[in-house]
1. Hey, what angle do you get for helix 206-215 against the long axis of the chain, alpha-carbon based, 0 to 90 degrees rounded to 10?
2. Starting from the 7 Å offset along Cα-to-Cβ, what nm value, one decimal, do you get for the label separation of D183 and I66?
3. Can you tell me the orientation of helix 138-148 relative to the chain, as the angle in degrees between its alpha-carbon axis and the longest Cα principal axis, to the nearest 10?
4. Apply 1/(1 + (r/R0)^6) to the Cβ-Cβ distance of A138 and I11, taking R0 = 41 Å, and write down the FRET efficiency to the nearest 0.05.
5. Among A84, L97, A26, whose Cα sits farthest toward the positive end of the charge dipole of the chain (+1 at Cβ of Lys/Arg, -1 at Cβ of Asp/Glu, about the Cα centre)?
6. Ranked by Cβ crowding within 10 angstrom, fewest neighbours first, how are K158, K77 ordered?
7. Using only alpha carbon positions, build the gyration tensor of the range 19-86, then give the equivalent ellipsoid semi-axes as the square roots of 5 times its eigenvalues, largest first, whole angstrom.
8. Against the longest alpha carbon principal axis of the chain, how many degrees, from 0 to 90 and to the nearest 10, is the axis of helix 182-197 turned?
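Just so you know, all these numbers are worked out from the coordinates, no wet-lab data involved. Note that the structure is predicted; figures quoted are calculated from it, not measured. No Cβ is skipped: glycine too gets one built from the backbone with ideal geometry, and neighbour counts run over all protein chains shown.
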Amino acid sequence: MSKTPAKRIEIARRGLLFIISSPSGAGKTTLSRRLLESDKHITSSVSVTTRAARKGEVDGQHYHFISKERFDEMVAKKELLEWANVFGNFYGTPKALVEKALNEGQDVLFDIDWQGTQQLSLALQDDLVRVFILPPDADTLHDRLIGRQQDAAAIIAKRMAEAPREISHWPEYDYIVINDDQDGAYNDLVSILKAERLRKRRQIGIPDFVRTLTTRL
């Protein structure tokens, strides 16, 4: 008979911001979705954007699709933790929901570029875990962009031209994962997340646990 695993002790924890960045086509979105599907303790940050919805995207689930006027208003009122202009479209992260999740011990996943990461680093430095995804080579990156069937040839060429500049920001990240194999890259992300959750500064319930423990020794 198989032995039932013992229930782990749950310690109160502050959530973390798990940032995954990469050049377009390196696989960050696929890896992010897989992580969200497998881990109930992490949720996706739903950004606002001024771009039009792509086929299959749902407002409020994938993005909050808003006008440029509304976006400018949110920037002016400091309602965004970060925002950026990406290929002529604007993206931003609403502040209130993120801070609520962190305080409740919920991790928040960000699929954003290096510009957004820099802004979040200024706003919530201690809560950040930054991961940069690299493709194994240029040909694979190009093939993945074509395989997505989301962009015209001119846009794909623009994304390939932009890739070296995006990749140049890799030193600003805490972890680098080469996505040469999706399963391997996914397992790397799981390991990083598990280790970061165990950091002392995030386990805010440890002082009470230790106090109770030592009084009974």
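1. Roughly 10 degrees, rounded to the nearest 10.
2. 4.2 nm
3. Its long axis makes an angle of about 90 degrees.
4. On the way: r = 45 Å, r/R0 = 1.09.
The pair A138/I11 has a calculated efficiency of 0.40.
5. Positive-end residue among those listed: L97.
6. Values: K158 14, K77 9.
Ranked by crowding around the Cβ, least crowded first: K77, K158.
7. Details: eigenvalues 109, 39, 34 Å².
Whole-Å semi-axes of the equivalent ellipsoid: 23, 14, 13.
8. Around 50 degrees separate the two axes.
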